[in-house]
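Peer 1: Just passing along the structure, written as structure tokens.
What follows draws every value from the coordinates through simple rules; no lab data is involved. Fair warning: this is a prediction, and the values are worked out from it, not measured in the lab. FYI the Cβ positions are ideal-geometry reconstructions off the backbone, even for glycines, and counts take in every protein chain you see.
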Amino acid sequence: MLMERGGWVMIPLLGMSILGVALVIERSYFWFSVNATARSPYLIRLSAALRQGEIDEARSLSNNDRSPFGGMVRSMLDHGGTEAATVEAMELQRPRLERSMVLISTIVTAAPLLGILGTVVGIIQSFQLLGGESTLTDPTDVAGGIATALITTAFGLIIALMMLFPYMIFRGLLDRTMGRMESIAAAAIQGSDHGGS
């Protein structure tokens, strides 16, 4: 069996792969709901209401929105449309947007290193066969040990690649969402200045 041949290092690697898949599924659902195509007209209406200083309209639009956009607008409206309030409102939503990103990045980095560790341990064991006091009757035992050791490196690289592409996609979606939030914040500041003049 692959797990037995790879040794004990395969256990944390398997755990990483299961955790990674779960995180990718959760984040995919989150980003799909945040960046749904149907949300664009809503965001345009929300920005327009904020830009024109229509606070009641903006509050009505944001009250039914459970996305980071709605949370940011509600926070801005509760604390006033000042620049400090908008920055604070954006920062309050950042942990929600960046959730699990550090963990996914850690899996991308740690999985190949853990795989290499398994390979090094396997090669050490193979060389112990060569240097041991017992007579080595079949040289293929050493080659088989090295081949088995390389399984962990292959598995670690597969996990890293499996997680890398979703991670980069999520980073792009994060940047896109932050850009949208900045445009909404700018509209709120403009509306606040317009209302105050």
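Peer 1: Describe numerically, in nm with one decimal, the distance between label points set 7 Å from Cα along Cα→Cβ at Leu14 and at Arg66.
Peer 2: For the pair Leu14/Arg66, the computed spacing is 3.5 nm.
Peer 1: Shape verdict for region 2-196, please, from the Cα gyration tensor: rounded (a/c under 1.5), prolate (a/b greater than b/c) or oblate.
Peer 2: Taking the square roots of the gyration eigenvalues as a ≥ b ≥ c, region 2-196 is prolate.
Peer 1: State, to one decimal in nm, how far the label point of Glu57 lies from the label point of Arg176, with both points 7 Å from Cα in the Cβ direction.
Peer 2: For the pair Glu57/Arg176, the computed spacing is 2.7 nm.
Peer 1: Same structure, new question: For Ser105, Ser47, Ser33, which order do you get if you count the other beta carbons within 10 Å of each Cβ and list the fewest first?
Peer 2: The order, fewest Cβ neighbours first, is Ser33, Ser105, Ser47.
Peer 1: Follow-up. Starting from the 7 Å offset along Cα-to-Cβ, what nm value, one decimal, do you get for the label separation of Val121 and Glu91?
Peer 2: About 4.3 nm separates the two model spin labels.
Peer 1: Taking R0 as 45 Å, what's the FRET efficiency between Ser183 and Ile158 from their Cβ-Cβ distance, rounded to 0.05?
Peer 2: 0.70
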